[in-house]
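The structure appears right after this line, and notes come after that.
The values are calculated or read from the model by the stated rules, or taken from the named source; none is laboratory data. Source: prediction; values computed, not measured. Glycine also receives a Cβ, built like all others from the backbone with ideal geometry; neighbour counts cover every protein chain displayed.
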Amino acid sequence: MLENNDTTLKFEAQMKIEVKHLKRSALLMIIPAIFAIAGRLFLASYPNTACTMADNSVFFPLWPQNLLLHDQLNASRFTPNEKCTFFAMQSIFAAGCYIWLFLKIIDDINRKDRVFIPGFLKVAIITTAVSFTSILTSKFNEYNSLYSLSLSQSIEINTWKNLPLIWLTVFSIGILIERTLAYRRSRFP
């Protein structure tokens, strides 16, 4: 009975450490949110800048899905400025997510605890795989849908529908890296 109680106490202590780090990661997620809001306000104030950003060979591929959707969106009914705004917003938000990811990796590298909960690594692998599958299979559909991109909805709606996919993908990569580093710390002190 005493051994079972010690195991429970150890697990609770590990979970407290994990929750503390998750809270810090969640707090850092304000960075992509600021990028999304500031980016949208900037593009609304300077609409010609969207095409400059979308045509930039470094900025455009910041979000890989831009490359996959480029031909389909170019053949759509949207105006050139709307297309540019979609691609620019995806890249701006992705840049904010990458800054979050960079800060998260630095924080995770500096962790000293040896907490490793195996189930978290499995969830991170599955979530990352689902996110990448969603990116590779996403396209603009002809019909309205609550979650998928749609040619019959405004570019603004499509932009805001796609931001959660960017966030989920980068967040799941961050958690996967965090769990991998935790595994390494727990096995190789």
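If the requirement is being surrounded by 11 or more Cβ atoms within 10 Å (Cβ to Cβ) and of a type in the set (Lys, Arg), which of these qualifies: 24, 77?
Result of the check over 24, 77: 24.
Taking the stretch 1-49 on its own, how many of its residues are under 16 Å from residue 94 (Cβ atoms) and outside any helix (DSSP H, G or I)?
Adding up the residues that qualify gives 1.
Of these, 98, 143, 46, which one is hydroxyl-bearing (Ser, Thr, Tyr) and touching a strand residue (DSSP E or B) at 6+ places or on another chain (Cβ under 7 Å)? I'd like the intermediate steps shown before the answer.
On the way: 98 fails: touching a strand residue (DSSP E or B) at 6+ places or on another chain (Cβ under 7 Å); 46 fails: touching a strand residue (DSSP E or B) at 6+ places or on another chain (Cβ under 7 Å).
None of the other options fit; the residue is 143.
Read through the list (1) under 14 Å from the mean Cα position of the chain (by Cα); (2) surrounded by 19 or more Cβ atoms within 10 Å (Cβ to Cβ); (3) free of Cβ contacts under 8 Å to residues at least 40 places away in the same chain, then give the number of the only condition that residue 131 fails.
For residue 131, the exception is condition (3).
Answer yes or no: is there a residue in the stretch 107-122 that is among the hydrophobic types (A, V, I, L, M, F, W, C), at pLDDT below 95 and under 16 Å from residue 167 (Cα atoms).
As a first pass, look at the stretch 107-122 and keep what is among the hydrophobic types (A, V, I, L, M, F, W, C): 109, 115-117, 120-121.
Applying the additional criterion that residues be at pLDDT below 95 yields 109, 115-117, 120-121.
Those still in the list that are under 16 Å from residue 167 (Cα atoms) too: none.
No, every residue in the stretch 107-122 fails to be among the hydrophobic types (A, V, I, L, M, F, W, C), at pLDDT below 95 and under 16 Å from residue 167 (Cα atoms).
Which residues, taken from the stretch 30-65, are in contact with a Gly (Cβ under 9 Å, 6 or more places away or on another chain) and under 17 Å from residue 169 (Cα atoms)?
Passing the criteria: 31, 32, 33, 35, 36.
Here are 176, 163, 121, 168: which of them is surrounded by 14 or more Cβ atoms within 10 Å (Cβ to Cβ) and in contact with a Lys or Arg (Cβ under 7 Å, 6 or more places away or on another chain)?
Exactly one of 176, 163, 121, 168 is surrounded by 14 or more Cβ atoms within 10 Å (Cβ to Cβ) and in contact with a Lys or Arg (Cβ under 7 Å, 6 or more places away or on another chain), namely 121.
Taking only the stretch 96-116 into account, find how many residues are buried (at least 17 other Cβ atoms within 10 Å of the Cβ) and either over 21 Å from residue 23 (Cβ atoms) or not basic (Lys, Arg) (or both). Before you say what the answer is, go through the steps one by one.
Going residue by residue through the stretch 96-116, those that are buried (at least 17 other Cβ atoms within 10 Å of the Cβ) are 96-98, 100-101, 104, 108, 115-116.
Now restrict to residues that are either over 21 Å from residue 23 (Cβ atoms) or not basic (Lys, Arg) (or both): 96-98, 100-101, 108, 115-116.
Number of matching residues: 8.
Is one or more of the residues making up the stretch 111-122 among the basic types (Lys, Arg), in contact with a His (Cβ under 8 Å, 6 or more places away or on another chain), assigned to a loop (DSSP other than H, G, I, E, B) and in contact (Cβ under 8 Å) with a residue 40 or more places away in the chain? Can you show your working first?
Step one: list which residues in the stretch 111-122 are among the basic types (Lys, Arg), which gives 111-112, 114, 122.
Within this subset, residues satisfying the condition of being in contact with a His (Cβ under 8 Å, 6 or more places away or on another chain) are 111.
Right, trim to assigned to a loop (DSSP other than H, G, I, E, B) and you get 111.
From what's left, in contact (Cβ under 8 Å) with a residue 40 or more places away in the chain: 111.
So far as the stretch 111-122 goes, yes, one or more of its residues are among the basic types (Lys, Arg), in contact with a His (Cβ under 8 Å, 6 or more places away or on another chain), assigned to a loop (DSSP other than H, G, I, E, B) and in contact (Cβ under 8 Å) with a residue 40 or more places away in the chain.
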